[in-house]
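This report concerns only the one structure given below.
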Amino acid sequence: MNFFFYFLIIFSLLTESEVQKWDKGKVLFSQNCLPCHTGGNNIILPEKNLKKESLEANGMKNLKAITYQILNGKNGMPAFGGRLTESEIDAIALYVFEESDMDFKDIK
């Protein structure tokens with residue numbers, strides 16, 4: 001029931017094109033980020049996970065900051081700028097930003 005409630009909230013706040021971008025971001029996140037960020041965690045630097053509180057504490061308070069991080073990498077995170085398109089990076093950033101509000105409850 002909670003899972004449905006979370007998706008209802010997300011999809012009610014996003015436009016149709018944002019929902020499509022979110023779906024694309026979820027797939028791309030699973031393909032590129034999940035090995036290190038299962039459940040929104042971080043296996044390399046646990047304190048720098050993708051949960052809202054941690055993102056805010058680490059200066060990742062908006063889409064621009066998250067996009068920059070994905071594009072350029074930092075510390076143990078590789079840069080995806082040469083691997084993914086701008087559109088793909090934007091989709092992952094939107095997905096991470098929206099999921100962080102729910103602490104990645106739908107990713108196991």
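The values are calculated or read from the model by the stated rules, or taken from the named source; none is laboratory data. Treat the numbers as computed from the prediction; the structure is a model and nothing was measured. Here the Cβ is made from the backbone with ideal geometry for all residues, glycine too, and neighbour counts use every protein chain on show. For the accessible areas, the whole protein counts, side chains as well, though only heavy atoms, and no ligand, DNA or RNA atoms are used. Shrake-Rupley method; radii C 1.70, N 1.55, O 1.52, S 1.80 Å.
For the reader, a short list of remarks on this structure follows.
- Among the residues of the range 24-47, those identified as within 13 Å of the chain's Cα centre (by Cα), assigned to a loop (DSSP other than H, G, I, E, B) and not hydrophobic (A, V, I, L, M, F, W, C) are 41, 42.
- Given (1) in a helix (DSSP H, G or I); (2) modelled with pLDDT of 95 or more; (3) under 20 Å from residue 18 (Cα atoms), number of the condition residue 69 does not satisfy: (3)
- Residues that are closer than 18 Å to residue 36 by Cα and part of a helix (DSSP H, G or I) occur at least once in the range 72-85.
- Consider the range 19-36 and keep the residues that are aliphatic (A, V, I, L, M), open to solvent by less than 50 Å² (accessible area, probe 1.4 Å) and under 18 Å from residue 80 (Cα atoms). The one that is modelled with the lowest pLDDT is 34.
- Qualifying residues in the range 37-64 (those that are surrounded by 16 or more Cβ atoms within 10 Å (Cβ to Cβ) and small (Gly, Ala, Ser)) - the one farthest from residue 99 (Cα to Cα): 54
- In this entry, residue 16 is excluded by the filter for residues that are modelled with pLDDT of 90 or more, out of contact with any Gly (no Cβ under 9 Å at 6 or more places or on another chain) and loosely packed, with under 13 Cβ neighbours inside 10 Å.
- Only a single item in (1) over 13 Å from residue 21 (Cβ atoms); (2) β-branched (Val, Ile, Thr); (3) touching a residue at least 40 places away in the same chain (Cβ under 8 Å) is not met by residue 96, and it is number (1).
- Within the range 80-108, the set of residues being more than 12 Å from the chain's Cα centre (by Cα), of a type outside the set (D, E, K, R) and more than 16 Å from residue 42 (Cβ to Cβ) comprises 81, 82, 84, 85, 87.
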